[in-house]
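The values are calculated or read from the model by the stated rules, or taken from the named source; none is laboratory data. From a predicted model like this one, the values you see are computed outputs, not experimental measurements. Cβ atoms come from the backbone with ideal geometry, glycine included; neighbour counts cover every protein chain shown. When the accessible area is computed, the model is the full protein with side chains, heavy atoms only, and any ligands, DNA or RNA have been set aside. Shrake-Rupley method; radii C 1.70, N 1.55, O 1.52, S 1.80 Å.
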Amino acid sequence: MRVLLVEDDDRLAAALTTALARHGHQVTRAGLAVDALRLAGGADFVLLDLGLPDMDGLDVLRRLRRVSAVPLIVVTARTEEREVLRGLRSGADDYLVKPFRTAELIARMEAVVRRGTRPRPRRDDVVRVGDVRIDLETRQVTVAGEPVVLTRREFDVLAVLAREPGVVRSREEILDEVWGDPLLSASRSLDVHVAGLRAKTGRPGLVETLRGTGYRLGSAA
């Protein structure tokens, strides 16, 4: 396979490149997130380190999953259960903690390939709900053609819902993806931002609350 190795540690990258090549894989190495996003389109498999110098690896993973279903394993030194869950929820097919044996990495790659790829995500960067237009790429929202100014966090919450219209996202999932901490579920932060979205757009039905479950993108009524 054509493997994209996203790793900023030169020594580890060299060792993995040699090991993967020994198993017949063609390896391209990227040490920066910007290069990883540029090169991912030509890869059959991605190995992604999370500790990159120019962008957090989870952000790279989320951006990549918006446009690609390429098989991907996170390889990182982050061992906390919360980090593992965040990686898997963000779209990783598997999560391998350093240090690891090459044989285990190869076995996991083969298992991911056997399972097959996930459904290819929608490529639409613009989501429309009635007269509300949400541009996920430019982070702009308009209502009836008029721009609406949102805070960064307000837009992030809206984007989580807009990427999967109709899908219910739990409070914990949203807090984890936007704030990076699902344990904030006892706070009112999410409720305040949802209220802000409804008020600023003038569309109270845009974010629908499902009591005891979470939120989903609703109607523009």
Exercise. Quick one: length gained pulling Thr18 to Asp59 fully straight, 0.36 nm per residue minus the C-alpha distance?
Worked result: 12.0 nm
Problem set entry | Globularity index of the chain, i.e. its alpha-carbon radius of gyration over 2.2 N^0.38 Å | 1.12
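If you average the sequence gap of Cα pairs under 8 Å that are 6 or more apart and divide by the length of the chain, what percent do you get for the contact order?
Working: 348 pairs, mean separation 28.0, N = 221.
After rounding, I find 13 percent.
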For this session: Select from the stretch 130-221 those GluC sites (Glu not before Pro) which occupy a DSSP coil region and have at most 14 other Cβ atoms within 10 Å, ordered by residue number.
Result: Glu137
Exercise. Which angle from 0 to 90°, rounded to the nearest 10, does the C-alpha axis of helix 152-162 make with the longest principal axis of the chain?
Worked result: 80 degrees
Problem set entry | Magnitude of the charge dipole, the stretch 42-155, Cβ model with Lys/Arg +1 and Asp/Glu -1, debye to 20 | 300 debye
Problem set entry | Phi-based couplings in Hz for the stretch 8-19 (Karplus 6.51, -1.76, 1.60; Gly and Pro marked x) | 8, 7, 4, 5, 5, 4, 5, 5, 5, 4, 4, 5
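Taking the Cα centre of the stretch 1-100 as origin, sum charge times position over the Cβ atoms of Lys and Arg (+1) and Asp and Glu (-1), and report the length of that vector in debye to the nearest 20. Display every interim value, and only then the final one.
On the way: 14 positive and 15 negative charges, 59 e Å.
Its charge dipole is roughly 280 debye.
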Exercise. Leaving out ligands, DNA and RNA, what percent of the accessible area of the chain is carbon and sulfur, probe 1.4 Å?
Worked result: 50 percent
